[in-house]
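Take a look at the structure below.
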Amino acid sequence: MSPSSARTALVTGATRGIGKQVALGLARRGYDVAFTGRTQHEGDAARRPEAEALPELKLVSGSLDATAAAIEALGQRAFPIAVDLLDRDQVLACGPAALDALGYVDVLCNNAIYVGPAGERLFLDTPADEIEKRLYGNVAAQLLLMQPIVRHMVERGGGVVGNVTSGAGYAKPPARIGEGGWALTYGVSKAGFHRIVAQVLVEHERDGLVMYNLQPGAVATERVMAAGDKLEFVRRHAAPVEVVGDTIAHILAAPPGDFANGGNLQVQDIAREMGTLPA
C-alpha cells in the first residue's frame, strides 16, 4: 500500500502508445502508478492470432514489464495488472486489484480500447462477433472497470477521471474506412464511451468528482507508425505520442478548476498553449 502522502493513478492500456506516455508523465509528477495491458512480456503481441490480420503488431514493442521498468526508473512504484477488455473476470478484478496495490486512487485514466482483427471493414463486411466485441470492449468493459474506482472516489470525497475520447464518437467521418475514415463499429463504440463523463457528473459532481473527455487528435503511436499506408491518413497529421501523453498527465494532475469539469479537452491545443507543440 502506498504511503498516505503519495499521489496515485490507474492508467489503462499502458503497454505502449498514449497510455504508456500518460503513465510515465504521471510518474514524473510524483504518482505511483497501477496500469493495465494485455502484453505481459516483449514479443507477446506478435504471437496473438490477430497479428495475422494486424501485421503491425509484429513490429511494435511494449509490454507491462517495460512500462513497469520505466516508471520505476523515474523513482515511482509501478503495479502492472494484466487485463484483456474482453475478459469479464479480469475487467471486474482490475479496480479492486489497483486499490489493493495503491491503497487509494487519485486519478483514473481510461485509455485502453479493443482492437480486433476484423475492425477495419465496412459495416456490411463486419462479422457479428466483431460488432459485439467492439461494443463490449469499448463501452461495457469501460463501465465495469470504472465502477469500483468511481465508487471509491465518491466515498473518499473526490478524484479525477480522464477518458481518452475520439472525434470518431461525435464527428462525421471524412470518408469511408480505408479511404481516410473509420469503421462504424469504432465510431459507435466511442460515441457511447464519450457519453460517460456527462452522465456520471450529473450523478456525482456534487461528490467531488472531476471528469474530462480528453481528445488527443491524431497521434503518432507505435502502431500508427508501423501500419504503413493503412494509417497514413492519421500519420500525416499526427503529433508525437510523448507530447500528447505528457499533456494528458499534466491535465490529470492539475488542481481542480484549471480545466472545465466535464469538458471535451483538445489535448493538442493545450500542448500548444504549454509550448510543447508548435503553434
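The values are calculated or read from the model by the stated rules, or taken from the named source; none is laboratory data. What you see is a predicted model; the values in this text were computed from it and never measured. All Cβ positions, even for glycine, are placed from backbone atoms using ideal geometry, and neighbour counts span all protein chains on display. Please note that ligands, DNA and RNA were not included when accessible areas were found on the heavy atoms of the full protein model with its side chains. Shrake-Rupley method; radii C 1.70, N 1.55, O 1.52, S 1.80 Å.
The helices (runs of 4 or more DSSP H) falling completely within the stretch 160-279 that include 1 or more residues that are under 28 Å from SER61 (Cα atoms) map to 184-194, 222-226, 232-235, 241-253, 267-274.
Filter the stretch 98-119 for residues that are assigned to a helix (DSSP H, G or I) and surrounded by 21 or more Cβ atoms within 10 Å (Cβ to Cβ) and give the result.
The first filter runs over the stretch 98-119 and keeps only residues assigned to a helix (DSSP H, G or I), leaving 98-102.
Matches in the stretch 98-119: ALA98, LEU102.
Considering (1) at pLDDT 95 or above; (2) crowded, with 21+ Cβ neighbours inside 10 Å; (3) touching a Gly at 6+ places or on another chain (Cβ under 8 Å), the lone condition that LEU201 does not fulfil carries the number (2).
I'm checking my understanding of the structure. Among residues of the stretch 8-62 that are in a loop (DSSP other than H, G, I, E, B) and of a type in the set (Asp, Glu), which one is modelled with the highest pLDDT?
Filtering the stretch 8-62 for residues in a loop (DSSP other than H, G, I, E, B) gives 12-16, 29-30, 38-44, 48, 53-54, 59-62.
After this cut, where a residue has to be of a type in the set (Asp, Glu) as well, the list is 42, 44.
Numbers: GLU42: 71, ASP44: 68.
The selected residue is GLU42.
For the stretch 143-157, give me each residue that is part of a helix (DSSP H, G or I) and open to solvent by 10 Å² or more (accessible area, probe 1.4 Å). Write out each step before concluding.
As a first pass, look at the stretch 143-157 and keep what is part of a helix (DSSP H, G or I): 143-156.
Correct list: LEU143, LEU144, GLN147, PRO148, VAL150, ARG151, HIS152, VAL154, GLU155, ARG156.
When GLY180 is tested against (1) of a type outside the set (S, T, N, Q); (2) buried (at least 16 other Cβ atoms within 10 Å of the Cβ); (3) farther than 30 Å from GLY208 by Cβ, exactly one condition is not met: (2). For ALA218, are the conditions met, namely being among the hydrophobic types (A, V, I, L, M, F, W, C) and modelled with pLDDT of 95 or more? Taking the combined requirement at face value, the residue does not satisfy it. Pairs linking a residue in the stretch 124-151 that is within 19 Å of TYR104 (Cα to Cα) to a residue that is among the hydroxyl-bearing types (Ser, Thr, Tyr) and buried (at least 19 other Cβ atoms within 10 Å of the Cβ), with Cβ atoms under 7 Å and 6 or more positions apart or on different chains, are LEU145/THR12. Taken together, ASP258, ASP269, ASP229, ASP246 contain a single residue that is modelled with pLDDT under 95 and open to solvent by 30 Å² or more (accessible area, probe 1.4 Å), which is ASP229.
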